[in-house]
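Undergrad: Below is the structure I would like to discuss, written out as structure tokens.
Throughout, read-outs are computed from the coordinates displayed, never taken from laboratory work. Note that the coordinates shown come from a computational prediction; the quantities given were computed from them, not determined experimentally. Note that we place each Cβ from the backbone using ideal geometry, even for glycine, and neighbour counts take in every protein chain shown.
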Amino acid sequence: MTERIKKGLLAYGLSPAPTETLNHYCEYLLEQNKVMNLTAITEPAQVADLHMLDSAALLTVSELAGKSVIDVGTGAGFPGLVLKILEPTIQLTLLDSLGKRVAWLAEVAPKLGLSDVTCIHGRGEEQALLPDFRDHYDVAISRAVADLGLLAELCLPFVKVGGQFLAMKSGDCQEELNRAEHAITLLGGRLLPLATYQIPGTDVIRRVVLIEKVSPTPKGYPRRFARMKKSPL
């Protein structure tokens, strides 16, 4: 697993120096997964490819050094914690609605030698309404499996004008992107060119939807989650 991660980082043009830390993260994840549902992927090589290296790809499409970043719906810490390991200057907030996951992340971050990581148990649609979070971050990121329009409503309110929202998607996401264009514009965003990458050592193609925040998100957004699901923008 260590060699797989190292080769993948080099293929991206990233420093392989944090390889051992990422390997430890894999080990902690798989050990905790025995007692808590953190990932459906349990084969070490696939964890390296589909979690660690997939997350690392964001550093090849956007400059995150020194920026405040919120990972919305982080789950077991992807992509946020991987990015923090690779770029320690990131000021990272991990947000998830499941308290047990958040407690584990708060425990594992110091074990990995990481500081300036804030772990928050909360729902995105509620947290984004709070003054200390709304229009606060340079970058919002999400690898959540949800429709892009819904993700935009959850994530763009966190981003300050001039910042970015990065949504990690499958290689075949054009139809979803077309549906989300109205929502993105309404919420104060502007689509930038898509970034496409291949996870090193695999045939898996992914895309990153890059959205620039060009104006404040109007009041009233995000709506309650049930409303978002029932009446997409």
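Undergrad: For the range 64-230, what is the percent of antiparallel DSSP beta bridges, rounded to the nearest 5? Kindly include the intermediate steps, with their values, before the conclusion.
TA: Values: 14 of 32 bridges.
About 45 percent, rounded to the nearest 5.
Undergrad: Could you size up the charge dipole of the range 1-101 around its Cα centre, putting +1 on the beta carbon of Lys and Arg and -1 on that of Asp and Glu, and report it in debye to the nearest 20? Present the calculation step by step, with values, prior to reporting the outcome.
TA: Values: 8 positive and 11 negative charges, 23 e Å.
With Lys and Arg at +1 and Asp and Glu at -1, about 100 debye.
Undergrad: What fraction of the Cα pairs in the range 151-233, stated in percent, has a spacing above 17 angstrom? Spell out each step's value before the answer.
TA: Numbers: 1641 of 3403 pairs.
Above the 17 Å cut-off, the range 151-233 has 48 percent of its Cα pairs.
Undergrad: Using helices alone, what [θ] at 222 nm do you get for the chain, with -39,500 (n - 2.57) per DSSP H run of 4 or more residues, divided over all residues and rounded to the nearest 500? Working shown, then result.
TA: On the way: 9 runs with 80 residues, N = 233.
It lands at -9500 deg cm²/dmol.
Undergrad: In square nanometres and to one decimal, what's the mean projected area of the convex hull around the Cα atoms of the range 69-134? Please report the intermediate quantities before stating the final value.
TA: Values: hull surface 15.9 nm².
Result: a mean projected hull area of 4.0 nm².
Undergrad: Give me the compactness ratio for the range 1-119, meaning the Cα radius of gyration over 2.2 N^0.38 Å. Mind dumping the intermediate values first?
TA: Working: Rg = 13.1 Å, N = 119, 2.2 N^0.38 = 13.5 Å.
That works out to 0.97 for the range 1-119.
Undergrad: Per the Kirkwood treatment, what hydrodynamic radius in Å, one decimal, follows for the chain from the mean inverse distance over all distinct Cα pairs? It would help to have the intermediate numbers written out before the result.
TA: Values: mean 1/r = 0.0565 Å⁻¹.
Result for the chain, one decimal place: 17.7 Å.
Undergrad: Is there a pair in LYS111/LYS160; LYS34/LYS100; LYS160/LYS230; LYS100/LYS230 whose C-alpha atoms are over 20 Å apart, and which pairs would that be? Let's see the in-between values first.
TA: Numbers: LYS111/LYS160 31 Å; LYS34/LYS100 14 Å; LYS160/LYS230 27 Å; LYS100/LYS230 28 Å.
Beyond 20 Å between Cα atoms: LYS111/LYS160; LYS160/LYS230; LYS100/LYS230.
Undergrad: Treating the beta-carbon of each Lys and Arg as +1 and of each Asp and Glu as -1, no other charges, what is the dipole magnitude of the chain about its Cα centre, to the nearest 20 debye? Mind dumping the intermediate values first?
TA: Values: 25 positive and 26 negative charges, 126 e Å.
The dipole magnitude comes to about 600 debye.
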